[in-house]
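Notes follow the structure.
The values are calculated or read from the model by the stated rules, or taken from the named source; none is laboratory data. All values derive from a computational prediction rather than experimental measurement. No Cβ is skipped: glycine too gets one built from the backbone with ideal geometry, and neighbour counts run over all protein chains shown. In case anyone asks, the SASA skips ligands and DNA or RNA and just uses the protein heavy atoms, side chains included. Shrake-Rupley method; radii C 1.70, N 1.55, O 1.52, S 1.80 Å.
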Amino acid sequence: MTFLLTGADGQLGSELRPLLQARGTLVSCTRRGGSKDRPLDLADATVLTALLDEVRPSLIVNAAAYTAVDQAESEPDLAHAVNGVAPGLMARWAAENDAALLHFSTDYVFDGRKASPYLEDDPVAPINAYGRSKLEGERQIAASACKHLVMRTSWVYASHGQNFLLKMLELARDRDHLQVVSDQIGRPTWAGNLARYAVTAVDRGLLAAPSGIVHAADAGACSWFEFAGAIFETAVSLGLLDQAPALREVGSDAFPTAARRPASSVLATGRLRKLLAIEPAAQRAALAQCLSELRATPTANMVSD
Ligand SMILES: NC(=O)c1ccc[n+]([C@@H]2O[C@H](COP(=O)([O-])OP(=O)(O)OC[C@H]3O[C@@H](n4cnc5c(N)ncnc54)[C@H](OP(=O)(O)O)[C@@H]3O)[C@@H](O)[C@H]2O)c1
C-alpha cells in the first residue's frame, strides 16, 4: 500500500509518520519539503494534483490543515483553500483513481450550544472562519463519494508544535499565578492517541468504503481551567515542574480573541468505540505519556512564542 501523508511535521502528522511507514510505502509531504519529505503547499491546487498523479497513492492521509483559528478570521480565503478546496480535490482524485482518503476535522463545526455531547449527525453550525473552512472540507469529501473516513477531533496537544499544554508549561516557568478560561468545555486529545485511532481505522478496513464521519477524542470532557490543573499535577508528579502555579478560573471575556469558540464542543465517541473496538484513552494516562515524551527531549520541544 502506498500512503501519501500531508502535514507530516504537524502534531498529528509526525505521530502518523512512523505508524504509516510500518504499514507500507510512505511518501510524506510538508509545506517546505526536506531531505525525507516532498514539498506540498495545499493552497496550490496544480501542485497537489501533479503530486497525486505522480505518486498515485492508494491512501491519502490528510493531516495538514490551516489550524490558526484566530488568524483564519483575517485570512478566510486561505483557510478555505487549504481546509475546504484541497480536501475536495483529494477526494475527487481518490474517487477517480480508486484510492481512499483519511481526513481530519474539528469539533469547531458545532456552535457549542448543545448541553450534551455532540453526535456525528448533529446539526453543524460553525461560529468562526476556521470551523466554516473545515466544514467545507467535510462537505466536499462527502459529495465526492470516494472511499473515505473523516475523523473529527478536538483540543489536540503533543510534546511538540503549538498547543495549550506547551503554552501552560511555558507560562508556569515565569509565573506562580495563572488565569485560565473555564467556560469552554471540550475533550483534549493527545496526537499520539489520535494517530493510533487513525491507523486502527486503516487496519480494520474502514477505508475500503465511504465510511463518513467518526468522532475521535480521548476520554475526559473538561474546561481549559480543569485541563490546566491536570497538566500541572501530572507535570509535577513527573518532575517536569517543581510546583504548580495557583490557578484562577475566568470567563472567555477575560481573553478576547479574534475568533469566537464554541462554549461546549464535547464530542460523543460511541461510534469510535463501535467501529474501532477500542476505548478512547483516559485523559491522565494520555497526559502522562505526552509529558514523559517531553521529559525525554525537553529543550527541543518547548514553545518559543
Ligand atoms: N490542533 C487542534 O487543537 C485541533 C482541533 C480539532 C481538529 N484538529 C484537526 O486535526 C488535524 C491535525 O491538526 P494538528 O493539530 O496536527 O495541526 P498542526 O500541528 O497545526 O499541523 C498542521 C500541519 O499542516 C501544515 N499546513 C498548514 N498549511 C499548509 C499548507 N498551505 N500546505 C501544506 N501544509 C500546510 C502545517 O505546516 P506548517 O508547519 O508549515 O505550517 C502543519 O504541519 C487537522 O485537520 C486539524 O484541523 C486540530
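Quick grid of which residues meet (1) under 23 Å from ALA79 (Cα atoms); (2) charged (D, E, K, R):
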position: ASN97; (1), (2): no, no
position: ASP111; (1), (2): yes, yes
position: ALA115; (1), (2): no, no
position: VAL124; (1), (2): yes, no
position: GLU136; (1), (2): yes, yes
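Say whether the condition of being among the acidic types (Asp, Glu) and closer than 30 Å to MET1 by Cα is met by at least one residue in region 99-115. Within region 99-115 (the criterion being among the acidic types (Asp, Glu) and closer than 30 Å to MET1 by Cα), the answer is no, since none of the residues qualifies.
Say we look at region 163-183 and pick out the residues that are charged (D, E, K, R) and away from the ligand (no atom under 16 Å from the Cβ); which of these is surrounded by the fewest Cβ atoms within 10 Å (Cβ to Cβ)?
Narrowing region 163-183 to residues charged (D, E, K, R): 167, 170, 173-176, 183.
Going one step further and asking which of them are away from the ligand (no atom under 16 Å from the Cβ), we end up with 170, 173-176, 183.
Working: GLU170: 14, ARG173: 9, ASP174: 7, ARG175: 11, ASP176: 9, ASP183: 16.
Filtering first and then ranking leaves ASP174.
Which residue, of ALA198, ALA217, ALA244, is closer than 27 Å to LEU20 by Cβ and either in a loop (DSSP other than H, G, I, E, B) or open to solvent by 50 Å² or more (accessible area, probe 1.4 Å) (or both)? Please lay out each step first, then the result.
Numbers: ALA198 fails: either in a loop (DSSP other than H, G, I, E, B) or open to solvent by 50 Å² or more (accessible area, probe 1.4 Å) (or both); ALA244 fails: closer than 27 Å to LEU20 by Cβ.
Exactly one residue qualifies, and that residue is ALA217.
Condition check: in a helix (DSSP H, G or I), touching a helix residue (DSSP H, G or I) at 6+ places or on another chain (Cβ under 9 Å) and within 11 Å of the ligand (Cβ to nearest atom). Does LEU42 satisfy that? Even if it seems obvious, please write down each step before you answer.
Values: in a helix (DSSP H, G or I): no; touching a helix residue (DSSP H, G or I) at 6+ places or on another chain (Cβ under 9 Å): yes; within 11 Å of the ligand (Cβ to nearest atom): yes.
The answer is no for LEU42.
Determine which member of the set ALA195, ALA143 is at pLDDT 95 or above, within 22 Å of SER58 (Cα to Cα) and within 15 Å of the ligand (Cβ to nearest atom).
Residue meeting the stated conditions: ALA195.
Go over the candidates SER74, SER58, SER14 one by one and state the one that is away from the ligand (no atom under 14 Å from the Cβ), among the hydroxyl-bearing types (Ser, Thr, Tyr) and in contact (Cβ under 8 Å) with a residue 60 or more places away in the chain. Matching residue, one of SER74, SER58, SER14: SER74.
Scoring PHE232 on the criteria (1) farther than 21 Å from GLU15 by Cβ; (2) touching a helix residue (DSSP H, G or I) at 6+ places or on another chain (Cβ under 9 Å); (3) open to solvent by 20 Å² or more (accessible area, probe 1.4 Å) leaves a single failure, condition (3). Every condition in (1) modelled with pLDDT under 95; (2) part of a helix (DSSP H, G or I) holds for LEU287 except the one numbered (1). Would you be able to say whether some residue in region 64-73 is open to solvent by 30 Å² or more (accessible area, probe 1.4 Å), part of a helix (DSSP H, G or I) and modelled with pLDDT of 95 or more? Yes, the conditions are met somewhere in region 64-73. Annotation: of all residues in region 9-25 being assigned to a loop (DSSP other than H, G, I, E, B) and touching a Gly at 6+ places or on another chain (Cβ under 9 Å), the one that is surrounded by the most Cβ atoms within 10 Å (Cβ to Cβ) is GLY10. A single entry from VAL214, VAL156, VAL202 fulfils the requirement of being touching a Leu at 6+ places or on another chain (Cβ under 9 Å) and within 11 Å of the ligand (Cβ to nearest atom): VAL156. Filter region 87-101 down to residues that are farther than 13 Å from GLU138 by Cβ and open to solvent by less than 10 Å² (accessible area, probe 1.4 Å) and give me whichever is farthest from the ligand (Cβ to nearest atom). So the residue we want is ALA99. Given the structure, is GLU226 under 23 Å from ASP70 (Cβ atoms), modelled with pLDDT of 95 or more, more than 17 Å from the chain's Cα centre (by Cα) and open to solvent by 30 Å² or more (accessible area, probe 1.4 Å)? It is true that GLU226 is under 23 Å from ASP70 (Cβ atoms), modelled with pLDDT of 95 or more, more than 17 Å from the chain's Cα centre (by Cα) and open to solvent by 30 Å² or more (accessible area, probe 1.4 Å). Out of region 137-162, which residues are within 11 Å of the chain's Cα centre (by Cα) and either open to solvent by 20 Å² or more (accessible area, probe 1.4 Å) or among the basic types (Lys, Arg) (or both)? Correct list: ARG152, TRP155, VAL156. All of ALA79, ALA125 fail the test of being buried (at least 20 other Cβ atoms within 10 Å of the Cβ), more than 16 Å from HIS215 (Cα to Cα) and either of a type outside the set (Asp, Glu) or modelled with pLDDT of 95 or more (or both), apart from ALA79.
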